[in-house]
Structure formats: structure tokens, C-alpha cells
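Enquirer: There's a structure below that I have some questions on.
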Amino acid sequence: MTDDFDKLLGGLNEPEPERAPAAEKKAQPLASEPAASPKRTTVLPWIVVGVVALLAIGAGVTFAVMNLGDADATAPATSQEPSPAESPAEEPSETPEPAPSALPAACRDIFSPAYYEELAATGAVLSEGNTGPREQPFGAEVPAVVESTIAAAPHLECTWSFADNFNVGIQTVVAEVTDEQAMQVTEALVGAGFTGVNELGSVRYIKEVPGEEGFGPHGYSIIARDGLLVATQWVDWPAAGYTADIVNTVLGPA
């Protein structure tokens, strides 16, 4: 093998026989060619740079593809759900104001001017009005549900009295009641022996008790209408048209 290598080197050192001019450059020894070295030193770095650039580009493309694949694999699939149809904005409804109470503010307001003057002409004095606990509850002849209903409801208690005679007078209570309460009261009155009279746009329940020795008669007049209960107790003074004037003044004619 050494001999073959020496022959190869010897062949390189031997001068080639002269050839045609077109082939002279190829026949010259490699060591003596002035252009061989510049070509190798110039082309090789650019080849290396090109290869490095291609490798860098390939790495970048590979990285981008990998990232794209990862993004596609990890990104959850989103589906657009149909949005509910927007309903038109509702106009804010105004809070209805509570209906004004029919309950009078003062005792003077439950009577017509003419009837008030008629009663006052007797010398009786009308109280200003009581809206607190009852001052003079009704007697035992009146069912307890009447008194309890009045006590639990907004009410106005009024009294006609004489300064020189406490045995004569009229007491009236006007109270706000519901339809259910009015029904309970009227049923209790019927059960207690009150007589019902259809008048004034409703049924007025009345009862009269004969007087005893030293005391005159006394009686009751109770009517419920349009959310109000008008209950009157009189003692030895059955004033005609009394309940009718109150109902017509406070609630109006039926």
C-alpha cells in the first residue's frame, strides 16, 4: 500500500507532457496554480454561510410549525352561540300613589255644616277627636269583634256631650276596614240580634235598649260602606238623621 502511495506522489511530481494550449492549465501541477487557492478560500466561506443560513431558516420554519401545531392542539374550539334576542327596554313603571284615605281628620269634618249647627244648638259640645286608644268602648250589647276591629284600625272617635248632664250624649267612631273585616262585623251584628236596614248604599244595623230606672234608653247604629265603618252609640238622645248625615258627608250619597 505504501508503494502505491509513493507512486501516486511520484506521478504528481512528474511533469505532464505538453498538450494543446487549451489544456495547458489543467496539466499544470496543483501546487503551482495561482487561481486554485483564491477559489477555495473565497467559495468555501460563502458555502458555509449559505449552509448556516439555510439551517437557521429551516430551524425557524420548524419552530414556527411546531408552535403552530401546539397552538392548534391546545386552543379550545370555540363555537359562537346565538345571542339571545335583545328585548326592548321596559319603561320604568311609576309606583302608583296610595289612594287618599276617606277617614276625616277632625270630628267637625264628619258632619255637614247644617247638621252640625243643629246639634250644637242643643248646647252639646263636639270633641276635637281621638285617634288613640278608645276612651269610651261600646257596651256589652255590641259584639267584641266590633270593638277589636276598631281598636286595630285607623280611626277617629268623636263625642257630643253636655257639660251639665253626663247621662245624655252621642259617641261615634269612624274606622277604616277591609271588606273581610266589614263582613266579620256585620255577621257578628246579625248574630247579636241587630236589625239590618237597607239604606245609604249598604245595610245599617241598629239596636235599641229600653231605659232603666234613672237612665233613659240607649241604642246603636252601625254601618260599613266603601272601606269605612261608622259605629254610633247614643244615650237618651236618638238624634234623627244622625248616621245618614255622617255617611253622606264623608262618603257621599249612594
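Enquirer: Can you tell me which residue among Ala188, Ala231, Ala182, Ala224 is closer than 16 Å to Asp245 by Cβ and small (Gly, Ala, Ser)?
Expert: Result: Ala231 is the single residue among Ala188, Ala231, Ala182, Ala224 that is closer than 16 Å to Asp245 by Cβ and small (Gly, Ala, Ser).
Enquirer: Take the stretch 144-179 and flag every residue that is more than 17 Å from Ala239 (Cβ to Cβ), small (Gly, Ala, Ser) and out of contact with any His (no Cβ under 9 Å at 6 or more places or on another chain).
Expert: Scanning the stretch 144-179 gives Ala144, Ser148, Ala151, Ala152, Ala153, Ala163.
Enquirer: Taking interchain pairs and intrachain pairs at least six residues apart, which have beta carbon atoms under 6 angstrom, with the first residue in the stretch 150-172 and touching a residue at least 24 places away in the same chain (Cβ under 8 Å) and surrounded by fewer than 20 Cβ atoms within 10 Å (Cβ to Cβ) and the second assigned to a strand (DSSP E or B) and among the charged types (D, E, K, R)?
Expert: Ala153/Glu176; Pro154/Glu176
Enquirer: A further question follows. Restricting to the stretch 125-145, give me the number of residues that are buried (at least 17 other Cβ atoms within 10 Å of the Cβ) and closer than 18 Å to Arg108 by Cβ.
Expert: Number of matching residues: 2.
Enquirer: Is there a residue in the stretch 158-165 that is farther than 25 Å from Gly227 by Cβ, assigned to a strand (DSSP E or B), modelled with pLDDT under 95 and assigned by TED's automatic domain parsing to the domain that holds Val230?
Expert: Among the residues of the stretch 158-165, at least one is farther than 25 Å from Gly227 by Cβ, assigned to a strand (DSSP E or B), modelled with pLDDT under 95 and assigned by TED's automatic domain parsing to the domain that holds Val230, which makes the answer yes.
Yes/no per residue for (1) modelled with pLDDT under 95; (2) assigned to a strand (DSSP E or B); (3) of a type in the set (Phe, Trp, Tyr):
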site: Val203; (1), (2), (3): no, yes, no
site: Lys207; (1), (2), (3): no, yes, no
site: Phe215; (1), (2), (3): yes, no, yes
site: Ser221; (1), (2), (3): no, yes, no
site: Ala231; (1), (2), (3): no, yes, no
site: Trp234; (1), (2), (3): no, yes, yes
site: Ile246; (1), (2), (3): no, no, no
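Enquirer: Inspect all residues belonging to the stretch 184-197 and state whether any of them is in a strand (DSSP E or B), touching a helix residue (DSSP H, G or I) at 6+ places or on another chain (Cβ under 6 Å) and crowded, with 18+ Cβ neighbours inside 10 Å.
Expert: Checked against the condition, which is being in a strand (DSSP E or B), touching a helix residue (DSSP H, G or I) at 6+ places or on another chain (Cβ under 6 Å) and crowded, with 18+ Cβ neighbours inside 10 Å, the stretch 184-197 yields no hits at all.
Enquirer: Okay, next question. Within the stretch 229-237, is even one residue surrounded by fewer than 17 Cβ atoms within 10 Å (Cβ to Cβ), assigned by TED's automatic domain parsing to the domain that holds Ala182 and out of contact with any strand residue (DSSP E or B) (no Cβ under 6 Å at 6 or more places or on another chain)?
Expert: No, because not a single residue in the stretch 229-237 is surrounded by fewer than 17 Cβ atoms within 10 Å (Cβ to Cβ), assigned by TED's automatic domain parsing to the domain that holds Ala182 and out of contact with any strand residue (DSSP E or B) (no Cβ under 6 Å at 6 or more places or on another chain).
The values are calculated or read from the model by the stated rules, or taken from the named source; none is laboratory data. Values in this document were obtained by computation on a predicted structure and should not be read as measured data. Heads up, the Cβs are rebuilt from the backbone with ideal geometry, glycines too, and the neighbour counts pull from every protein chain shown.
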